[in-house]
Structure formats: C-alpha cells, structure tokens
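Written out below as structure tokens is the structure these notes cover.
The values are calculated or read from the model by the stated rules, or taken from the named source; none is laboratory data. Since the structure is predicted, the reported quantities are computational estimates derived from the model, not experimental observations. Cβ: placed from backbone, ideal geometry, glycine included. Neighbour counts: every protein chain shown.
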Amino acid sequence: MNEQAIQDQYQHIIVLLEQQRLKEAQSQLEAFLWNSSDWTLRNRLEQVQTSYQYMLQYMRQGVNDPERQKLYRQLLTDTWEIADQTRLSLLDGTSNHYYHALRNNREHLPKEYNIASMQKVLESFPDDMAVCQLMPNAQGLDAVLKRHEETIQVLFLSTWCNSDWTAEDEQQAKGALESELLPVNDLCLFTSAVMLSLIECFDARKFSWLLDATTHPDTRVNQRALIGIAFVLHFHPTRLSLYPELTARLSLLDEDGSFGKQMNRVYIEMLRSQETEKIDKKMREEIIPEMMKNVNIMRNMKYGFEDNAEENDRNPDWEKAFESSGLGDKIREMNELQLEGADVYMSTFAQLKSYPFFREPHNWFYPFDMHHSSIIKEFGLNPTGDNAVLALLLQSGFFCNSDKYSLCFTMAHIPQAQRNMMLSQMTSQDLNELMDESKSSTLRQYAQRPDVISNQYIHDLYRFYKLSQRRYEFHDIFKDEIALHRIPALKEILCKPELLIVVADYHFRKEHPAEALELYQELIALNYADADTFQKAGYCLQKEKRYKEAVSAYLKADVLKPDHVWTIRHLATCYRQMKDFGSALEYYKKAEAIQPENHSILFYAGSCLAEQEKYEEALQYFFKLDFIEGNCIKAWRAIGWCSFVSGKYEQAMKYYEKILASKPLATDYLNAGHVAWRLGNIEKAAEYYGKAALESGSREVFWEMFSKDKDTLVKQGIDEKDIPLMMDLV
C-alpha cells in the first residue's frame with residue numbers, strides 16, 4: 001500500500017467509528033491489518049472482536065447488563081487505538097517523512113525510552129553551569145553544554161515519536177512536571193514534544209499530562225500546555241467523547257471559568273495568526289516600498305527622546321511631508337496591529353531561517369536562551385557593551401523565540417561597524433532608558449504576561465508550519481478553519497455568551513461575515529442578544545446577500561433601539577436589493593427625517609421613486625442633491641434620465657451636455673444619443689451612439705447596452721422599425 005491508500009483506508013475506518021458502526025469498522029480494520037506484520041495488533045483486535053461478539057450475544061438473549069454502554073465505549077476506544085497504531089505501523093514502512101524515518105531508525109536514540117534518566121541529566125545542568133563559570137576561562141563549558149543539548153534533543157525526539165505511553169512513562173513524565181530542579185526551558189520543550197506526539201497519534205495518558213501541565217506554576221509551561229490542548233483537540237475533535245474521565249477533568253479545570261477565558265484568548269490568538277499572510281503582503285507591497293520611497297523624509301525625522309535643553313528645531317515641512325505621503329497612516333496601522341498582538345515580524349524574519357540551528361526540528365520549539373551554545377559562541381557567556389543591550393532587548397516580549405535566535409545569528413554575521421551603526425540608531429538617552437533597572441524590569445514583566453507568552457509561542461508554531469525545511473510533511477493547522485467552540489469537549493467551556501461575543505466581534509472586525517454570523521446566531525439562540533448583536537447579525541447576512549433574513553435581524557434591532565439611523569438605512573438598502581422599492585423608500589424617508597442633507601439617502605430615495613416611475617418626486621430629490629453638493633455628476637445622470645423618461649427632453653439634454661463636458665462614461669453617450677434622437681437630431685444621436693460604441697470597447701457590449709433601453713425608446717415614441725437603421729448608421 002502506498003501512503004495515500006493507507007491514509008484513505010484509515011480515514012474510512014475512523015468515519016465508521018465516529019458513526020458508531022463498530023462491526024463494520026472492525027471488519028475494515030481486520031483487512032487493514034493484513035498489510036501489517038505486527039501480530040500484537042492482530043491479537044488485540046481479535047480479543048476486541050471476541051468481546052464484542054459476546055456482548056451482542058448476551059444482548060440477543062435479553063441479558064440485562066447495566067455496564068453494557070460502558071463496555072461498548074471501551075470497545076470503540078480499543079478499536080480506534082488499534083486503528084491508530086496500525087496506521088503508524090504501515091506508514092513507518094512506506095513513508096519517507098522525517099517522523100516515520102525517526103521511528104524506524106532509532107540508532108541515535110536510547111533503546112529504552114526513559115524520561116527519569118534524562119531528567120536527572122537535565123537537572124544537573126544549572127549546577128554544572130555555575131561551576132563552569134567559576135573556573136578559569138569557563139573550563140569544561142563546551143562539554144556541559146553539549147551534554148545538556150544532546151539530552152534535550154533525545155528527550156524531544158523520543159517523546160515525539162513515542163505514540164503510546166505506558167503507565168510508567170506517564171509517572172515519569174509527572175515527575176518531570178513536579179521537579180523543582182528541571183530547567184523551565186527544558187520542560188517547555190518537553191511540553192511541545194508531547195503536543196506534537198498527540199497530534200500524530202492520540203494518547204489518553206499524554207493528554208492527561210497536558211491537563212496537569214496547565215496548572216504548572218510557571219506561565220511559560222502552562223501556556224504551552226493550554227495551546228497544546230487547543231491544537232490536539234483541533235486535530236482530534238471527537239476523540240475525547242471516548243474518555244469521560246478526561247472530559248470530566250477538562251470541565252473541572254473550568255470550574256471557576258478562568259480556564260475558559262484563557263482558552264478563548266488562545267482561540268483568538270490562533271485566529272489572529274491566520275491574518276499573518278495578509279499582514280505580510282501589506283508589509284511587502286505597501287509599508288516597506290512606502291518607507292523606501294520616503295527614505296529622505298524618514299532620515300530627516302527625529303525619533304525617540306528629545307533633549308529638553310535644546311530648542312525643538314525640526315523642520316515642520318518634514319512632518320507635513322511624512323503625513324501627506326500616507327506613510328504616517330500605514331505605520332500607525334502597523335503599530336495598532338502589533339499592540340493587538342498581530343504577527344508583524346513574519347516578513348522580516350522569514351528569510352532568516354536558513355541557519356544550521358533551524359535544521360533540527362526541536363530548535364523551533366526551544367525557548368530563547370542566552371546560555372544556548374549557539375548564542376554563547378557568538379556573544380560570549382556574559383554579554384557586555386552593545387551585546388548587553390541586545391541581550392536586554394531579547395528578554396522583551398516583542399519577538400517570538402524563533403525570531404530572537406534569527407536576530408542573534410544575523411547580528412553575529414554583520415560586521416562590527418554596521419552592528420554599531422544599527423545600535424547607535426537609538427540615542428544615548430534611549431540606551432540609558434533601556435539599561436535603567438525600572439525600565440528593564442517593565443520590559444521583563446511585559447514578556448512574562450500569559451497573553452504575551454502564548455501569543456509569541458503561537459508565532460513560533462506558525463513559523464514551524466510555514467518555514468521549516470520539512471513543513472510539507474506536516475498538516476498545517478493555520479490553513480484550516482479554526483472553530484474551537486464547535487469541538488464537543490470544549491462546547492460547554494467556550495459556548496458562554498461572554499466568550500462567544502469576543503470571538504464573534506473579532507470575526508466581525510476582520511470582515512469574516514460567515515464566521516461572525518454563526519456566532520451571533522448562537523448568541524441569539526442563547527437569548528443573549530442586544531440591539532448591537534442583531535445589527536451585526538443583520539450586517540453579516542447582508543454581506544452574504546441573504547437580504548430577507550437581514551431585514552428580519554434589522555427589524556429586531558429597530559425594536560430594541562428605535563429610530564437608529566444606521567439600522568434604518570440598512571433596512572432601506574436590503575429592501576432595495578430585494579426590489580421592494582416601496583418599503584425601501586419608506587425607510588429612506590425615515591432616515592431623511594433624521595439626516596435631511598445626507599447625500600446618499602437623498603440619492604437612493606430618489607432612485608426608489610424613479611424605480612416606481614414617480615419621476616416628478618424623484619427629480620425633486622435629485623435637484624436637492626445637486627443643490628447641496630454642487631456639480632454632482634451622479635445627480636446629473638439621475639436628472640437626465642428621469643427628465644428623458646418623463647418627456648422633458650430639453651431639460652434632459654441640458655444635463656447630458658453637462659455630463660459630457662465633465663467625465664462621461666459609455667452609458668452617458670448612449671443616453672445622450674437617446675435624447676438627441678427623440679429631439680429629432682439624428683446626426684447628433686448617431687454621433688453620440690458612435691462615441692458610446694467606442695467607449696464600451698466592443699460592438700457586442702454596445703449592442704447589449706442599447707438593447708436594454710429598447711423598450712424605453714419605443715415608449716418615448718421612437719419607431720421600433722427605425723432601430724436597426726440607426727444601428728447600421730452608427
């Protein structure tokens with residue numbers, strides 16, 4: 001079997017299990033196992049099949065078994081787990097992906113997976129480092145670093161490719177979680193390995209460990225565990241229903257509602273990461289080219305702190321040039337995105353992931369550490385001078401871990417003179433500010449916030465799935481529709497009005513009408529809808545062109561918040577789109593009573609009257625619009641057409657001549673031709689039609705435009721038999 005056939009057959013078995021068609025699933029799994037040489041799995045399946053046969057026999061005999069449902073669920077669980085292991089076993093023999101190569105070739109991994117023994121090595125690292133720092137020339141440092149980094153690599157890889165923890169593995173993993181000596185960075189990496197292993201193959205023991213890890217006292221660990229749960233449940237949305245003890249533990253975590261709030265924040269951060277490509281595109285196509293174009297303005301601008309002793313001598317023209325260039329708005333927009341937590345550095349660092357460091361998968365997940373051998377090699381054990389400033393910046397929460405490593409490697413490869421120039425872009429006062437203890441403490445506090453840590457970790461994951469050398473071997477979660485609130489195990493936790501409204505409003509702001517609408521409708525079903533909710537639901541429906549449903553939502557908003565001009569105008573728009581011009585006009589008149597000089601309202605009210613062939617009333621609106629706005633070509637077009645169809649040909653021609661002297665379109669020449677023809681000026685009509693044909697770009701387009709007005713021309717007294725002659729004349 002090839003890789004695709006294995007995946008397809010596995011998915012077919014999973015669909016049967018999800019539909020609780022256990023007998024069929026077991027038959028399909030039996031056939032699936034014929035391709036595997038793993039006799040252990042075949043024996044396990046035979047035992048499960050036998051148990052199920054007995055259960056069905058007892059049921060047929062009418063035996064009352066209170067444990068039947070519990071046993072059935074266990075049989076479903078066992079069958080699913082055997083299917084998982086069969087899939088991995090078959091892929092190990094066919095796939096050339098790194099993960100399966102790792103499972104097949106474990107020469108560089110210990111024969112026995114032993115978390116406890118690796119934990120002891122890692123726990124000794126801080127003391128070993130302290131001793132090295134006391135030794136002359138940090139003697140023995142390289143050996144200590146090598147031992148530590150080789151151990152964390154082995155721990156990561158062996159955990160990742162271990163698909164099924166034993167009870168002993170679970171106990172040892174709990175020991176690592178409870179250890180006070182294990183470096184936090186190493187525990188963070190282990191947490192990531194557990195998540196990746198769960199994504200490849202669900203394991204109840206590992207998931208239970210992640211639940212424990214969410215209560216770890218260190219924010220870096222508990223936030224990784226939280227994100228791990230979100231990712232694993234996204235990949236295995238229905239799996240937890242087979243493990244009631246895990247579902248119960250998940251609910252218990254949210255007893256006071258804090259877990260749900262944290263998970264909802266992670267949900268938003270995951271959704272926000274999906275906007276990165278748009279931000280990246282904006283940076284590459286708008287912001288950076290604009291900055292390059294206005295490099296002289298940027299050079300003349302003075303940023304940072306001002307010396308109060310000196311007179312502010314900036315040329316005000318620079319400020320004006322900066323604002324008028326449009327660059328100011330773009331930079332403000334980027335600042336707002338960054339404050340919101342958006343990933344604005346992806347485009348900057350995407351090209352800086354080719355260093356040897358990133359060839360090893362575990363390095364994408366290791367928290368930034370100034371004591372990592374690759375950093376010490378470039379900047380020394382205790383950075384001083386410019387390197388100390390860089391070290392301080394790297395403690396901040398502005399960059400994710402992966403980008404901090406990239407920044408260090410890039411700075412190390414820049415000649416010292418250029419590096420000095422880059423750092424000197426900050427004034428000496430800026431440096432003093434950074435080196436000031438209270439300021440650096442504020443930076444560290446910001447970096448330690450749960451929302452900053454989780455957001456930066458998601459940026460790390462985004463880079464792994466988008467930029468790592470082996471990215472095509474992994475299913476990219478960021479390309480999926482992410483809807484954590486729909487996952488059965490999270491439904492009770494996340495489907496609370498105060499949490500749903502946050503996600504709904506996020507989708508609404510980002511112009512995702514379908515996603516926002518689903519959530520607003522859920523809020524309405526929960527009776528948690530105010531006027532704003534109905535307005536937003538109506539707006540999403542309108543964007544989806546579901547005008548009748550939008551009207552229903554807007555009418556409810558109008559009851560809760562009467563005479564709100566925004567609601568009234570949108571009701572009018574929806575009725576107009578539905579061709580119900582009478583109802584649309586009613587609401588435009590209501591809106592007009594509130595905003596009597598609103599140009600848009602006047603225009604559309606006139607348009608609705610024109611659609612109802614009430615041309616005299618329509619003209620009053622268009623004349624008013626022209627008077628208020630002055631030289632309003634949109635009003636002139638409407639006046640020209642209404643005058644024509646109501647028989648005021650001289651008036652119509654007067655306005656079409658004004659339009660033709662301004663910025664005429666093909667339709668303007670066409671309509672002017674109609675009026676000239678009706679006035680008896682055949683030569684002028686033919687001339688205008690000729691220009692309309694030229695402007696429209698082709699004979700077919702012109703003929704299509706003309707044909708739409710054919711009935712109107714006949715109504716205005718043009719002989720239908722003359723139309724083909726006019727066309728030939730043109």
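Yes or no: the range 653-671 includes at least one residue that is without any contact (Cβ under 8 Å) to a residue 24 or more places away in the chain, under 19 Å from ALA610 (Cα atoms) and either basic (Lys, Arg) or in a helix (DSSP H, G or I) (or both).
Looking through the range 653-671, at least one residue is without any contact (Cβ under 8 Å) to a residue 24 or more places away in the chain, under 19 Å from ALA610 (Cα atoms) and either basic (Lys, Arg) or in a helix (DSSP H, G or I) (or both).
Free of Cβ contacts under 8 Å to residues at least 24 places away in the same chain and surrounded by 14 or more Cβ atoms within 10 Å (Cβ to Cβ) - does that describe any residue in the range 703-712?
No; the residues of the range 703-712 include none that is free of Cβ contacts under 8 Å to residues at least 24 places away in the same chain and surrounded by 14 or more Cβ atoms within 10 Å (Cβ to Cβ).
Please determine whether any residue of the range 477-486 is surrounded by fewer than 20 Cβ atoms within 10 Å (Cβ to Cβ) and farther than 30 Å from PRO361 by Cβ.
Checked the range 477-486: at least one residue is surrounded by fewer than 20 Cβ atoms within 10 Å (Cβ to Cβ) and farther than 30 Å from PRO361 by Cβ.
Within the range 697-730, work out how many residues are within 14 Å of LEU670 (Cβ to Cβ) and assigned to a helix (DSSP H, G or I).
Summing the residues that are within 14 Å of LEU670 (Cβ to Cβ) and assigned to a helix (DSSP H, G or I) in the range 697-730 gives 15.
Would the range 686-696 turn up any residue that is assigned to a helix (DSSP H, G or I), more than 46 Å from the chain's Cα centre (by Cα), hydroxyl-bearing (Ser, Thr, Tyr) and more than 15 Å from TRP636 (Cβ to Cβ)?
yes
For every residue, the table says whether it meets (1) surrounded by fewer than 20 Cβ atoms within 10 Å (Cβ to Cβ); (2) outside any helix (DSSP H, G or I).
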| site | (1), (2) |
| --- | --- |
| LEU211 | yes, no |
| ILE227 | no, no |
| LEU233 | no, no |
| GLU245 | yes, no |
| ASP256 | yes, yes |
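Sort out which residues of the range 71-129 are surrounded by fewer than 20 Cβ atoms within 10 Å (Cβ to Cβ), aromatic (Phe, Trp, Tyr) and under 22 Å from PHE156 (Cα atoms), and write them in order of number.
TYR98
Out of the residues in the range 45-76 that are closer than 21 Å to ILE14 by Cβ and hydroxyl-bearing (Ser, Thr, Tyr), which is farthest from the chain's Cα centre (by Cα)?
SER51
Of (1) more than 26 Å from SER600 (Cβ to Cβ); (2) at pLDDT 90 or above; (3) buried (at least 16 other Cβ atoms within 10 Å of the Cβ), SER696 satisfies all except one. Which?
Exception for SER696: condition (2).
Please specify each residue of the range 213-223 satisfying the condition of being surrounded by 18 or more Cβ atoms within 10 Å (Cβ to Cβ) and more than 27 Å from the chain's Cα centre (by Cα).
HIS216
Name the single residue, out of those in the range 125-165 being polar (S, T, N, Q) and over 41 Å from the mean Cα position of the chain (by Cα), that is farthest from ILE199 (Cα to Cα).
Among them, the one singled out is ASN137.
Looking at this structure, is GLN28 modelled with pLDDT of 95 or more, of a type outside the set (Asp, Glu), touching a helix residue (DSSP H, G or I) at 6+ places or on another chain (Cβ under 9 Å) and loosely packed, with under 15 Cβ neighbours inside 10 Å?
Numbers: modelled with pLDDT of 95 or more: yes; of a type outside the set (Asp, Glu): yes; touching a helix residue (DSSP H, G or I) at 6+ places or on another chain (Cβ under 9 Å): yes; loosely packed, with under 15 Cβ neighbours inside 10 Å: no.
No; evaluated as a whole, the condition is false for this residue.
Which residues, taken from the range 246-293, are among the β-branched types (Val, Ile, Thr) and under 24 Å from GLY228 (Cβ atoms)?
Residues satisfying the conditions are THR247, VAL266, ILE268, THR276.
Would you mind telling me which numbered condition in (1) out of contact with any helix residue (DSSP H, G or I) (no Cβ under 6 Å at 6 or more places or on another chain); (2) at pLDDT 95 or above ILE13 fails?
(1)
Residue under question is ILE279, and the condition is that it be at pLDDT below 95 and surrounded by 15 or more Cβ atoms within 10 Å (Cβ to Cβ); does it hold?
Spelling it out, ILE279 is indeed at pLDDT below 95 and surrounded by 15 or more Cβ atoms within 10 Å (Cβ to Cβ).
Could you give every pair whose Cβ atoms fall below 8 Å, whose first residue belongs to the range 539-551 and is of a type in the set (S, T, N, Q) and modelled with pLDDT of 95 or more, and whose second residue is buried (at least 17 other Cβ atoms within 10 Å of the Cβ) and part of a helix (DSSP H, G or I), counting only separations of at least 6 or pairs across chains?
GLN542/ALA550; GLN542/HIS570; GLN542/THR573; GLN542/CYS574
Please go through the range 258-276 and give me each residue that is in a helix (DSSP H, G or I) and among the polar types (S, T, N, Q), ordered by number. Even if it seems obvious, please write down each step before you answer.
Step one: list which residues in the range 258-276 are in a helix (DSSP H, G or I), which gives 258-273, 276.
Result: SER258, GLN262, ASN264, SER273, THR276.
Could you pull out every one of the helices (runs of 4 or more DSSP H) wholly within the range 355-432 that has 2 or more residues that are modelled with pLDDT of 80 or more?
Qualifying helices (runs of 4 or more DSSP H): 373-379, 401-412.
Within the range 258-272, work out how many residues are in contact (Cβ under 8 Å) with a residue 40 or more places away in the chain and either farther than 24 Å from ARG463 by Cα or among the basic types (Lys, Arg) (or both).
Counting residues in the range 258-272 that are in contact (Cβ under 8 Å) with a residue 40 or more places away in the chain and either farther than 24 Å from ARG463 by Cα or among the basic types (Lys, Arg) (or both) gives 5.
With respect to SER197, is the statement that it is surrounded by 16 or more Cβ atoms within 10 Å (Cβ to Cβ), in contact with a helix residue (DSSP H, G or I) (Cβ under 8 Å, 6 or more places away or on another chain), of a type in the set (Gly, Ala, Ser) and in a loop (DSSP other than H, G, I, E, B) true?
no
Given the structure, is LEU41 surrounded by 18 or more Cβ atoms within 10 Å (Cβ to Cβ), touching a helix residue (DSSP H, G or I) at 6+ places or on another chain (Cβ under 9 Å) and part of a helix (DSSP H, G or I)?
yes
When the residues of the range 501-516 are filtered to those that are in contact (Cβ under 8 Å) with a residue 60 or more places away in the chain and more than 16 Å from LEU337 (Cα to Cα), which remaining residue is surrounded by the fewest Cβ atoms within 10 Å (Cβ to Cβ)?
Of everything passing the filter in the range 501-516, VAL502 is surrounded by the fewest Cβ atoms within 10 Å (Cβ to Cβ).
Go through the range 566-598 residue by residue and tally those that are closer than 17 Å to LEU541 by Cβ and part of a loop (DSSP other than H, G, I, E, B). Spell out how you get there, then give the answer.
Pass one, the range 566-598, residues closer than 17 Å to LEU541 by Cβ: 566-578, 580, 583-584, 587.
Of the ones still in play, those that are also part of a loop (DSSP other than H, G, I, E, B) are 578, 580.
Residues in the range 566-598 being closer than 17 Å to LEU541 by Cβ and part of a loop (DSSP other than H, G, I, E, B): 2 in total.
Among what's in the range 621-652 and is more than 46 Å from the chain's Cα centre (by Cα) and free of Cβ contacts under 8 Å to residues at least 12 places away in the same chain, pick the residue that is nearest to ALA584 (Cα to Cα).
PHE627
Report yes if some residue within the range 450-472 is surrounded by fewer than 16 Cβ atoms within 10 Å (Cβ to Cβ), at pLDDT below 75 and assigned by TED's automatic domain parsing to the domain that holds GLU340; otherwise report no.
no
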